[in-house]
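Trainee: Submitted below is the structure of interest, expressed as structure tokens.
The values are calculated or read from the model by the stated rules, or taken from the named source; none is laboratory data. Values in this document were obtained by computation on a predicted structure and should not be read as measured data. Here the Cβ is made from the backbone with ideal geometry for all residues, glycine too, and neighbour counts use every protein chain on show.
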Amino acid sequence: MPHDNPWEACWPPMLAMGDQLVTAAANQPQAFWAAGANWWQAQSRLWQDNVEKMLSDGKPEEYWQYFQQSHKLMNGYWQESIDNLEHVPNKDKKQLAFWARQTMQMQDPAHYLLTNPKVLAKTLEEGGDNLVRGLGSLVEDMDNSPIGLNIPLGNTKLYELGKDLATTPGQVVRQSPLFELIQYAPSTEQVHKTPVLVVPPCINKYYVLDLKPENSFVRHLVDQGHTVFLMSWVNPTAQHADFGMAEYMQGVIEAINWVRELTEENQVHAMGYCVGGTLLALASAWLAARGAKRIASLTLVTTLLDFAEPGEPGLLLVPALLKSVMTVTDQIGYMDGRLMATGFSLLREQELYWPAFVNRYLLGQKPPAFDILVWNSDVTHLPATFFREYIENTYLENRLAEPGSWKLDGYKMDLRRVNVPVYVLAADKDHIVPPKSAFASARLFGGNKKRLVTSGAGHVAGVVNPPAKNKYGYKVDGEEDAKPGSWWPDWYQWLDKQSDAMVPARAVPEGITPAPGQYVKVKI
């Protein structure tokens, strides 16, 4: 990492969260005393229950178990202390608890050689070779981390896009500085007359929707007899620094117009995933303000429009830290995708970040060759202007929830003007877009043709859930019982009801380059 790394300016506000805990303890010592009394009683019982076994048996396992339980009690002490604080906004409490949790995870005995029995056994078995490999990986990852430590969750070197992942046949039929438009080849003789445009999130690469053939959402949609188009966003650099929300919204509108031109149809069915859904909603509001009826139906998959309760990403938006991050992004021209990946991993640190730490640096293992984790590690930047405008207008100001308060490219954003059938998918374990917030977003639209569905699992697994696996299940709002399997067939049936006649399959014209295109292959 270079000595003049601008991201180092973000360390002070991150470390200042510890100062806030100290200040809270000084101002409200009673909150910490009460939790401390509970901790001392529990710690004393733990010692009394284990001291004889530890001293008499002398087995390392007894000590390791004691260390782990003791750490768990200390973590509980900090969480209880923060819960006890009075006159502190709930949002601030949650942020303090999050940062305290991160600090305690760093001290977890399982994350150290001598207090993790599995790591110690592996080290003795290999004579320390695992630690040598781990050190090599640590040096490599530190060199690839803008700040802190970005741990790859999947082995991106084992897969090739277009060969192993993102293999659905198609062509890049249009290209702009912001995105490539892919048209997929039909697999049926007849297709629905109205084409489908998929708008993936610009904070990730699109191929989460086109992984392997057996779990590819795109391939499955093509097989249902739809003409499918998809936007593949550019992986921006400093030259894209001035691209903001208006440019991304107009990108969606440009894609809609290209699809209409290529298919000679007046309207499209549009589906947006995560931030892609937010951009699609903005585009629909902009078109509605102009009286343009180019969208036949909207599908919003784990999408936030009402940010009143934004999920766990809001825990990262500490004002002082956010100010430093925005200063750096403005300076270098983009928000670094590796930093975003680390932040999202830390939201699920016990399932993602720290297991990867132990496996990679202490056990000396390579990241797993799991397709979703590979995609998760293949990150993309965001333009500085887009990042600033997105955070300010959504997470901080929640402007879409206030009709007309957000003006983009000459028109006020008012989702009440959008009166088309809307399908909204939430995931019941989604920590990024909670179901309650996803459904609150649906209520912002005009009309009453809305189908609200909750899938099992989380933000990715609940979406990428092919029917053949028969996993998780889903529940339609207003219906009493949940249904087994994937939500995909439910959406297909809904989409069929919004569609018109069938027509002969549309041949894909000779394009600029075969799918998956070039933009998605650009790595950081």
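Trainee: For region 11-23, name all the residues that are surrounded by 16 or more Cβ atoms within 10 Å (Cβ to Cβ) and either touching a Phe, Trp or Tyr at 6+ places or on another chain (Cβ under 7 Å) or modelled with pLDDT of 80 or more (or both).
Mentor: Met17
Trainee: Mind listing whichever residues of region 166-202 are part of a strand (DSSP E or B) and more than 29 Å from the chain's Cα centre (by Cα)? Walk me through it before giving the result.
Mentor: First, the residues of region 166-202 that are part of a strand (DSSP E or B): 170-175, 179-184, 190-192, 196-199.
The answer is Gln190, Val191, His192.
Trainee: May I ask you to verify whether Gly225 is of a type in the set (Gly, Ala, Ser) and in a loop (DSSP other than H, G, I, E, B)? Spell out the reasoning first.
Mentor: Details: of a type in the set (Gly, Ala, Ser): yes; in a loop (DSSP other than H, G, I, E, B): yes.
Yes: the conditions hold for Gly225.
Trainee: For region 478-500, which positions are over 10 Å from Gln224 (Cβ atoms) and either hydrophobic (A, V, I, L, M, F, W, C) or modelled with pLDDT under 95 (or both)?
Mentor: Gly478, Glu479, Glu480, Asp481, Ala482, Trp487, Trp494, Lys497, Gln498, Ser499, Asp500
Trainee: Do any helices (runs of 4 or more DSSP H) entirely within region 353-451 hold 1 or more residues that are in contact with a strand residue (DSSP E or B) (Cβ under 7 Å, 6 or more places away or on another chain), and if so, which? Spell out how you get there, then give the answer.
Mentor: Values: elements: 354-357, 371-377, 384-390, 435-442.
Answer list for region 353-451: 371-377, 384-390, 435-442.
Trainee: Here's something else I'd like to know. What's the total number of residues in region 334-352 that are in a helix (DSSP H, G or I) and among the acidic types (Asp, Glu)? Lay out the reasoning, then the answer.
Mentor: Start the filter on region 334-352 by keeping residues that are in a helix (DSSP H, G or I), which leaves 337-347, 349-352.
Those left that are additionally among the acidic types (Asp, Glu): 349, 351.
Count: 2.
Trainee: Quick one: Thr278 ticks every box in (1) touching a Lys or Arg at 6+ places or on another chain (Cβ under 8 Å); (2) within 17 Å of Cys202 (Cβ to Cβ); (3) part of a helix (DSSP H, G or I) bar one, so which box is it?
Mentor: So the condition that Thr278 fails would be (1).
Trainee: If the Cβ limit is 7 Å and pairs must be 6+ apart or interchain, which residue in region 242-255 that is in contact (Cβ under 8 Å) with a residue 24 or more places away in the chain pairs with which residue that is acidic (Asp, Glu) and part of a helix (DSSP H, G or I)?
Mentor: Filtered contacts from region 242-255: Gly244/Glu389; Met245/Glu389.
Trainee: Separate question: Which number in (1) touching a helix residue (DSSP H, G or I) at 6+ places or on another chain (Cβ under 9 Å); (2) surrounded by 14 or more Cβ atoms within 10 Å (Cβ to Cβ); (3) among the basic types (Lys, Arg) marks the one condition that Lys523 misses?
Mentor: All conditions are met except number (2).
Trainee: Among the numbered conditions (1) surrounded by 19 or more Cβ atoms within 10 Å (Cβ to Cβ); (2) hydrophobic (A, V, I, L, M, F, W, C); (3) over 17 Å from Gln498 (Cβ atoms), tell me where Val259 comes up short.
Mentor: (3)
Trainee: Of (1) within 27 Å of Thr454 (Cα to Cα); (2) assigned to a loop (DSSP other than H, G, I, E, B); (3) over 21 Å from the mean Cα position of the chain (by Cα), Ser297 satisfies all except one. Which?
Mentor: Among (1) within 27 Å of Thr454 (Cα to Cα); (2) assigned to a loop (DSSP other than H, G, I, E, B); (3) over 21 Å from the mean Cα position of the chain (by Cα), the lone unmet condition for Ser297 is (2).
Trainee: To continue, here is another question. Kindly indicate whether any position in region 81-93 is touching a residue at least 60 places away in the same chain (Cβ under 8 Å) and either closer than 23 Å to Tyr353 by Cα or loosely packed, with under 15 Cβ neighbours inside 10 Å (or both).
Mentor: The answer is yes, given that some residue of region 81-93 is touching a residue at least 60 places away in the same chain (Cβ under 8 Å) and either closer than 23 Å to Tyr353 by Cα or loosely packed, with under 15 Cβ neighbours inside 10 Å (or both).
Trainee: Now for a separate question. Would you confirm whether or not region 274-289 contains a residue that is modelled with pLDDT of 95 or more and over 24 Å from Gly410 (Cα atoms)?
Mentor: So the first thing to find is which residues in region 274-289 are modelled with pLDDT of 95 or more, and the list is 274-289.
Pick out the ones that are also over 24 Å from Gly410 (Cα atoms) and you get 274.
Checked region 274-289: at least one residue is modelled with pLDDT of 95 or more and over 24 Å from Gly410 (Cα atoms).
Trainee: Considering every residue within region 216-238, establish whether at least one is over 21 Å from Gln183 (Cβ atoms), surrounded by fewer than 19 Cβ atoms within 10 Å (Cβ to Cβ), touching a strand residue (DSSP E or B) at 6+ places or on another chain (Cβ under 7 Å) and at pLDDT 95 or above.
Mentor: For region 216-238, residues over 21 Å from Gln183 (Cβ atoms), surrounded by fewer than 19 Cβ atoms within 10 Å (Cβ to Cβ), touching a strand residue (DSSP E or B) at 6+ places or on another chain (Cβ under 7 Å) and at pLDDT 95 or above: present.
Trainee: May I pose another question? Identify all residues within region 331-367 that are of a type outside the set (A, V, I, L, M) and within 20 Å of Gly458 (Cα to Cα); write none if there are none. It would help to see each step written out before you state the result.
Mentor: Residues of region 331-367 of a type outside the set (A, V, I, L, M): 331, 333-334, 336-338, 342-345, 348-351, 353-355, 357, 359-361, 364-367.
Those that are of a type outside the set (A, V, I, L, M) and within 20 Å of Gly458 (Cα to Cα): Thr342, Gly343, Phe344, Ser345, Arg348, Glu349, Gln350, Glu351, Tyr353, Trp354, Pro355.
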